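For reference, the structure is listed below as C-alpha cells.
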Amino acid sequence: MQIQNEEIMKRLEKLAYQKSYPFCYSCYKRAPSGVCEICGGDDCMRELAGEGVEFGSLWIIESLVRNNLTAINVDEEFEASVRGCYDETVKVLWMELDAVTVAKESDPISWRIARDEWIDNELNDELLIEIDSKYYRTSDVEEYLDGELSE
C-alpha cells in the first residue's frame, strides 16, 4: 500500500476502526471493550463483518476501499493523458496514423516505461493512491471518507 498523504492514511485508519470490532481469537468472541470478558486478554485482533479476523488495520483499509471504490484503469488513464498532450495523428510517408497506436505498437517497452513514470508522477503529486496493488483517484478516496466519517 502506497499512501503518501498522512492525513488520508489517518482517516482511513479511523474508518477501519469504526467499521471493525475488537475480537478475541482465543475465545473466538467479540471483545467490545478491547478486553475479552472470558479470558481477560487484551491482545485483540480486528473483525470486519463479512471479511474475517486479523491483526492490524491495513487489511481492513484494503477491503473497505476495494469494496466501495472503483480502481482506475491505468492503461486507459495514461492513454488519455498522452492523447491530451500530443497531436492525434502522425504522418508517415503518405499515411495519417493514430499517434498513440503508433507509439504503443512501435515500442511497447518505451510505452510501458512512460506509463510507469506517469503512475509515479501521479502518486508523487498525490493525485493517485495505491491500495492493494490497484490505483484509486485521491479525490474519490477523500469523497468516500467524507461520506463515511461524517455519519
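The values are calculated or read from the model by the stated rules, or taken from the named source; none is laboratory data. Values in this document were obtained by computation on a predicted structure and should not be read as measured data. Backbone-built Cβ (ideal geometry, glycine too); neighbour counts: all protein chains shown. Just the protein is used for accessible areas: all its heavy atoms, side chains included, with ligands, DNA and RNA removed. Shrake-Rupley method; radii C 1.70, N 1.55, O 1.52, S 1.80 Å.
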### region 2-97 - charge dipole about Cα centre, Lys and Arg +1 at Cβ, Asp and Glu -1, debye rounded to 20
460
### Message
Could you work out how much longer the chain between residue 116 and residue 134 gets when fully extended? Use 0.36 nm per residue separation minus the Cα distance between them, nm to one decimal.
### Response
5.2 nm
### Task
Under 25 Å between C-alpha atoms is the cut-off here; go through the chain and count lysine pairs that meet it, provided they're at least eight residues apart or on different chains.
8
### Farthest toward positive dipole pole in the chain [+1 Lys/Arg, -1 Asp/Glu at C-beta], among 78, 40, 145
40
### Query
Ignoring ligands, DNA and RNA, what accessible area per residue does region 1-128 give at 1.4 Å, in Å²?
66
### Query
What percent does the relative contact order of the chain come to when contacts are Cα pairs within less than 8 Å and at least six residues apart?
24
### Task
Subtracting the Cα-Cα distance from 0.36 nm times the residue separation, let me have the gained length for residue 97 to residue 38 in nm, one decimal.
14.0 nm
### Query
Where the accessible area of the chain is counted over protein heavy atoms with a 1.4 Å probe, how much of it, in %, is carbon and sulfur?
46
